[in-house]
Amino acid sequence: MKNFIILSILLMNSFSFLNAQSSNSSSSSVFEFKIVTSVESIVPGGIGRSRIIENGSEVDYTQFTTVRSKEGKDKTSKNRGDVKIDDLNETTLVNFYSMAGINFQNIASNDAIITSLLNTYSKEGWELIHVASGVESDAGKEDGNGIFITRYYFKKQIK
């Protein structure tokens, strides 16, 4: 009986693995990707700026790429000012801190807004595939600056 149970589990795992492999191996699928960034200020007193930032235009990265080889380099003619885009969406968030310190109502408010954004993208067919976050925090007595940044990576199949 014990051998039968172990064999059954192994077979189920094998079928699950094969199914996952076959569903991931559709090489004809083409996807569109989107990155949305939230920046939440951790500056005390509410004087920082917190936003969700969404790119509003398409960019061809090759126009900003320098190609290097042993023969030399083919430098892009673009400068840093050319890289900046004018079309973006800024959704207001509230700062983590108020005058009294950390503000849990602000955190809950930001969570509600970000959840709304994630639900909207999901309804539009975007799949959240990765989330990355980082913090630049207070560096001591004289530094009251800091941000909490989160990047949300989405993909959607192009039909």
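The values are calculated or read from the model by the stated rules, or taken from the named source; none is laboratory data. This structure is a prediction, so every number in the text was calculated from the model and none was measured. Please note: Cβ atoms are built from the backbone with ideal geometry, for glycine as well, and neighbour counts cover all protein chains shown. Side chains included, ligands, DNA and RNA excluded: accessible areas come from the protein's heavy atoms. Shrake-Rupley method; radii C 1.70, N 1.55, O 1.52, S 1.80 Å.
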Does Ser109 meet the test of being over 25 Å from Lys156 (Cβ atoms), surrounded by 11 or more Cβ atoms within 10 Å (Cβ to Cβ) and modelled with pLDDT of 90 or more?
yes
Within the range 126-159, restricting to residues that are at pLDDT 95 or above and of a type in the set (Phe, Trp, Tyr), the one that is farthest from Val36 (Cα to Cα) is Trp126
Against the condition closer than 25 Å to Ser29 by Cα, exposed (fewer than 14 other Cβ atoms within 10 Å of the Cβ) and in contact (Cβ under 8 Å) with a residue 12 or more places away in the chain, how does Gly125 come out, does it pass?
yes
For the range 90-108, what are the residues that are assigned to a helix (DSSP H, G or I) and within 11 Å of Glu40 (Cβ to Cβ)?
Asn106, Ile107
Among residues of the range 15-58, those that are part of a helix (DSSP H, G or I), hydroxyl-bearing (Ser, Thr, Tyr) and either at pLDDT below 50 or under 24 Å from Phe104 (Cβ atoms) (or both), counted:
1
With (1) within 26 Å of Phe31 (Cβ to Cβ); (2) of a type in the set (D, E, K, R); (3) open to solvent by less than 80 Å² (accessible area, probe 1.4 Å) as the list, and Asp87 as the residue in question, which single condition is left unmet?
(3)
Out of the residues in the range 59-84 that are outside any loop (DSSP other than H, G, I, E, B), open to solvent by less than 70 Å² (accessible area, probe 1.4 Å) and without any contact (Cβ under 8 Å) to a residue 12 or more places away in the chain, which is nearest to Phe154 (Cα to Cα)?
Gly81
